[in-house]
1. Please go through (1) within 31 Å of the chain's Cα centre (by Cα); (2) over 30 Å from residue 65 (Cβ atoms) for residue 204 and return the number of the only condition it doesn't satisfy.
2. Can you pull out every residue in segment 356-385 that is buried (at least 17 other Cβ atoms within 10 Å of the Cβ), touching a helix residue (DSSP H, G or I) at 6+ places or on another chain (Cβ under 7 Å) and assigned to a strand (DSSP E or B)?
3. Of (1) over 23 Å from the mean Cα position of the chain (by Cα); (2) at pLDDT 95 or above; (3) not in a strand (DSSP E or B), residue 112 satisfies all except one. Which?
4. If you go through segment 96-114 one residue at a time, do you hit one that is over 19 Å from residue 50 (Cα atoms) and in contact (Cβ under 8 Å) with a residue 40 or more places away in the chain?
5. Where in segment 223-307 are there helices (runs of 4 or more DSSP H), lying wholly inside it, with at least 2 residues that are closer than 25 Å to residue 142 by Cβ?
6. Which is farther than 24 Å from residue 42 by Cβ, in contact (Cβ under 8 Å) with a residue 12 or more places away in the chain and assigned by TED's automatic domain parsing to the domain that holds residue 198, of 87, 72, 120, 124?
7. Would you be able to tell me the number of residues in segment 404-444 that are out of contact with any helix residue (DSSP H, G or I) (no Cβ under 9 Å at 6 or more places or on another chain), surrounded by fewer than 15 Cβ atoms within 10 Å (Cβ to Cβ) and part of a loop (DSSP other than H, G, I, E, B)?
8. Name every residue in segment 317-341 that is without any contact (Cβ under 8 Å) to a residue 40 or more places away in the chain and either closer than 22 Å to residue 403 by Cα or not in a loop (DSSP other than H, G, I, E, B) (or both), in order of residue number.
């Protein structure tokens, strides 16, 4: 008999889904996914089958697709299928075929789930897949998180076969004479996972015939260690994490006393893109002079006198754009600026995204650019000038934000308008105004 009781017990114990939920089963046609859907059917769960044709194996892929269609008909469940230009996507995204296929199928499964209200996507990973994943992660150096293997549940994704080994699956397929298709690429050792499956794991099983059970016990230890680390990181954040505006300040004295220092700093900073090499450099600098800066793709770490400052990187400022009197629309980064000259003098100041100016005061070409050190203007309603840096502080605008705000600058160098915020008092309409130019910021 099929191991239905073990199957349902595993699903219940790990809270993968309930008998009332709608499940989308990802089926390649191989023996793993075929056994999974037969178990789902025998256990009485509500499910549908989804199959991807990655168009990488010509007629073989079409045959797999047709097999899965007939399997869905046999089991009397809904069937979804789609074709992907996997090779084209891989070229476009500059990733491997395996990564492209993974991205395409997971994206599609998620879309199907949202469209048809499936609350779980069942994937046919089993215990041997976890062994291969851990070995891969060990060779790549992914740290403790890479040692917990494949989780039986991760948000939408569930893996109801994690209670069973590959050898057991093969035995059940033969015993119950379940039809399946074999992907010829699974035999190739040019892929890292297949090399582990066909060459490394068999050697390990010679050393330990109960390899799967041993790994399963180790997995529990690794997962518990990861939980302990997360708890410790939460305590460190509570003690050291000081948020000021858009920055995080970490006292150096507290960082020096962390133990184990490297492990905790990696855990704290990896989500901000800092790798272990950067963190090694940071540790080496903790007792040295301040001023050292470390960068990830998204953040910077500044070693100050008594603290470490973590802040987002400011995006690159758009290039300055000149505006001529005949221009009607100009592009500036992600923004557009609409320019409307008019003889109509009765205009009220509408909103911060619109500047209504005295056209007689404009000296062309105007300039659209971002903030520079030393910029100042006379805010609307005032008679004295104010530094833009002070204005930004008063408006609670962060450094990385102010480098993106468009400034409309006159030909004489004066700031006419902080687009989206404030017009200069010098360029407002007066009883002496004869012509008007309206500037409107069209946000992305």
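1. So residue 204 meets the others, but not (1).
2. Of everything in segment 356-385, those that are buried (at least 17 other Cβ atoms within 10 Å of the Cβ), touching a helix residue (DSSP H, G or I) at 6+ places or on another chain (Cβ under 7 Å) and assigned to a strand (DSSP E or B) turn out to be 357, 358, 377, 379.
3. (1)
4. Yes, that holds for at least one residue.
5. On the way: elements: 252-256, 261-269, 276-285.
Result: 261-269, 276-285.
6. 87
7. Of the residues in segment 404-444, 7 are out of contact with any helix residue (DSSP H, G or I) (no Cβ under 9 Å at 6 or more places or on another chain), surrounded by fewer than 15 Cβ atoms within 10 Å (Cβ to Cβ) and part of a loop (DSSP other than H, G, I, E, B).
8. Hits for segment 317-341 are 319, 329, 330, 331.
The values are calculated or read from the model by the stated rules, or taken from the named source; none is laboratory data. Given the structure is predicted, the values throughout are model-derived calculations rather than measurements. Virtual Cβ from ideal backbone geometry, glycine too; neighbours counted across all protein chains shown.
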